Amino acid sequence: IKLSKAKFTISAPDIRKLPIDAGIEVAFAGRSNAGKSSALNTLTNQKSLARTSKTPGRTQLINVFEVEPEKRLIDLPGYGFAKVPLEMKKKWQKALGEYLQMRDSLKGLVVLMDIRHPLKDLDMDLIHWAVDSGLPVLALLTKCDKLKKGQQASQVLSVKKALKELGGDIKVQAFSSLKKTGLESANQVICQWFDQ
Ligand code: GDP
């Protein structure tokens, strides 16, 4: 499978508007501004895949990108906003929660975290949930170009150590959309999930 074949399919406000729940989906989740759109664009080698579907004011939809028939990348609503009214937050987080709980075709979860501030409460909640659900996780530590090599390595190590205690199938990878660091490894993990 080639992620570069991804095509925007639909933006859905809730899970009822998603394509039929069959096949394999790999979902991307992370705090707002973690670098999720950039990572999606980098992994698919498309400049504006994730952004084109993000028209202003509609940034918190579930965005679907079909890679092959029955194989989809899912861009989930970001979480952890500061400056958003509570009612809006609730609505968006509802879509996220529903997707995670209900979606049978979800087979792998990519959790994006800024390498300088990983494992915030909501990240941990999400990863805990994935492990409890038997879902494999790829933790991408984004914007790693912002740290020196040594600091990157020590962040990866401490995240690995913290997540090891949860058990489960969790991989940790430093990633930079800017420098394309970790691109090949991340791509491999995701393609493996699709090809299982
Ligand atoms: P999203 O809200 O999670 O979709 O995050 P975006 O992909 O829109 O990125 C948020 C901000 O981080 C933007 O200003 C990006 O330019 C920046 N950013 C994303 N990825 C990288 C990266 O690999 N390196 C650096 N230095 N900045 C990045």
*Return the only residue of Leu163, Leu135 being more than 16 Å from the ligand (Cβ to nearest atom), under 19 Å from the mean Cα position of the chain (by Cα), aliphatic (A, V, I, L, M) and not in a helix (DSSP H, G or I).*
Leu135
_Pairs with Cβ under 8 Å, 6+ apart, first in region 24-45 and within 17 Å of Ile127 (Cβ to Cβ), second part of a helix (DSSP H, G or I) and near the ligand (Cβ under 9 Å from one of its atoms)_ = Phe28/Lys36; Phe28/Ala39; Phe28/Leu40; Ala29/Lys36; Gly30/Lys36; Lys36/Ala50
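Looking at region 21-41 only, could you name the residues that are basic (Lys, Arg) and surrounded by fewer than 23 Cβ atoms within 10 Å (Cβ to Cβ)? Walk me through how you get there before you give the answer.
The first filter runs over region 21-41 and keeps only residues basic (Lys, Arg), leaving 31, 36.
Arg31 - this is the single residue of region 21-41 that is basic (Lys, Arg) and surrounded by fewer than 23 Cβ atoms within 10 Å (Cβ to Cβ).
So, in region 7-33, exactly how many residues are basic (Lys, Arg) and under 18 Å from Ala130 (Cα atoms)?
Start the filter on region 7-33 by keeping residues that are basic (Lys, Arg), which leaves 7, 16-17, 31.
Adding the requirement that they be under 18 Å from Ala130 (Cα atoms) leaves 31.
Count: 1.
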*Determine whether region 15-27 contains at least one residue that is within 15 Å of the ligand (Cβ to nearest atom), part of a strand (DSSP E or B), closer than 22 Å to His117 by Cα and modelled with pLDDT of 95 or more.*
yes
*asked:* For region 166-196, give me the residue count where each residue is touching a residue at least 40 places away in the same chain (Cβ under 8 Å), assigned to a helix (DSSP H, G or I) and more than 16 Å from the ligand (Cβ to nearest atom).
replied: 6
*Report yes if some residue within region 145-163 is touching a residue at least 40 places away in the same chain (Cβ under 8 Å) and among the acidic types (Asp, Glu); otherwise report no.*
no
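One line per residue, one yes/no per condition, for (1) farther than 16 Å from Phe28 by Cα; (2) away from the ligand (no atom under 13 Å from the Cβ); (3) of a type outside the set (D, E, K, R):
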| residue | (1), (2), (3) |
| --- | --- |
| Lys71 | no, yes, no |
| Pro77 | no, no, yes |
| Arg103 | no, yes, no |
| Leu106 | no, yes, yes |
| Leu109 | no, yes, yes |
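The values are calculated or read from the model by the stated rules, or taken from the named source; none is laboratory data. Model, not experiment: these values are computed from the prediction. Positions of Cβ are backbone-derived with ideal geometry, glycine not excepted, and every protein chain shown enters the neighbour counts.
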